[in-house]
Amino acid sequence: MTSISADKLILARNYRSNLNQNLASSFNADHLEMIHRQLCTGLEHRDKKLKSGELRADRKAVGMLSKELEKMTPHIMASTSEEFISKKVAYVMSRVENIKPFHTLNNMVAKLFAHNLAQTAGFNIEWQKFHKDALKESVELAKKGDYSGLSEQIKDKLTSMYKPKLTSSVGTKIDPDFADRARQFQSDREKDISHNQKKQTLQIN
Amino acid sequence: MTTTNSEQILLGICEGREDLLALGRQFNLDVEKSSEKCKNNANNTEATMAIFALEEMGLSEDEKIVFNKIDELGWSDEQATSFLKLMGGDSNDFDKC
């Protein structure tokens, strides 16, 4: 196994750990820096290149994004509209990729940040369903201000974090005959209604 | 997982490197004593692999094997990081970061 890069594995483990963390009440520049630092944990020997948590971009640009995010996050959290959430997530992801706040790992941070943002609204993004070239193309368009393509792609890949499994529906939990009894009940009720209607018609006549 | 299984997994990863074996055995003992293994979310693993591939830093088959084997051992992130740091190995992928 000579082709193994242990550092890449450390980065991958750090990345995975952060996919279901960082659910904050506000997303801002500090949050971005925290993600970058956490990704670089255990890779201190590469810090000359990685520059853990160190901003490359102008602090003003990052500060502006931070202000936008602080206003936007509560609306994302309160929303159940997949369209609204994907639009905002697409916007934020492309802004981070565009600003490139750090010396390294910017696209990875942007995707992680986008993932965490979608999670605050109760959604995961299924990254495995993206096509590399299509995603790249739509991110490039988004950087120029056209977010529609990226937003559409993200919307298609959102999955609810809290979707109940069909196998654990109320019906199957009560007893296996529940569905049959429910049908019988409905049929009896319809018969009763029909009988009463006929009765009323006869009385009127 | 039994101690024998953990030892087998470790032997597979370490490829005879005594320093790695010693550290790995220590971690296996720690896991055994605490009787609590760290579990990792399979969906998050899949998402991580996908994002790395999208960023042209996809893990090779050998790397995926080691990644999954370490998961099977149930080590904490700190233990896994210490082990991997000792394992070393260079990668040009970091030039793409």
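Here is how the numbers come out for the structure above:
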| item | result |
| --- | --- |
| Length-normalised contact order for chain A - Cα pairs under 8 Å, 6+ apart - percent | 20 percent |
| Angle in degrees between helix A:59-78 and the longest Cα principal axis of chain A, rounded to the nearest 10 | 10 degrees |
| Region A:64-80 and region B:10-45: distance between their alpha carbon centers, rounded to Å | 41 Å |
| Per-residue [θ]222 nm for chain A (sum of -39500 (n - 2.57) over DSSP H runs n ≥ 4, rounded to 500) | -21000 deg cm²/dmol |
| Chain A: angle of helix A:178-204 to the longest principal axis, Cα-based, in degrees nearest 10 | 40 degrees |
| Filter on A:K8/A:K129; A:K60/A:K88; A:K49/A:K111; A:K88/B:K69; A:K48/A:K143 - keep pairs with C-alpha separation over 31 Å | A:K88/B:K69 |
| Angle in degrees between helix A:106-120 and the longest Cα principal axis of chain A, rounded to the nearest 10 | 30 degrees |
| The protein assembly as shown - percent of accessible surface contributed by carbon and sulfur, probe 1.4 Å | 51 percent |
| Accessible surface, per residue, of region A:3-160 when the full set of protein chains is kept, probe 1.4 Å, Å² | 42 Å² |
| Choice from B:N44, B:N68, B:N28 with maximal GNM fluctuation in chain B (Cα, 10 Å cutoff) | B:N44 |
| Chain B - mean residue ellipticity at 222 nm from DSSP helices (-39,500 (n - 2.57) per run, n ≥ 4, rounded to 500) | -21500 deg cm²/dmol |
| Neighbouring partner chain Cβ atoms per residue of B:39-50, average, 10 Å criterion | 6 |
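The values are calculated or read from the model by the stated rules, or taken from the named source; none is laboratory data. Treat the numbers as computed from the prediction; the structure is a model and nothing was measured. Every residue, glycine among them, receives a Cβ derived from its backbone with ideal geometry; neighbour counts consider all protein chains shown. Note: accessible area is taken over every heavy atom of the protein model, side chains too, but ligands, DNA and RNA are not part of it. Shrake-Rupley method; radii C 1.70, N 1.55, O 1.52, S 1.80 Å.
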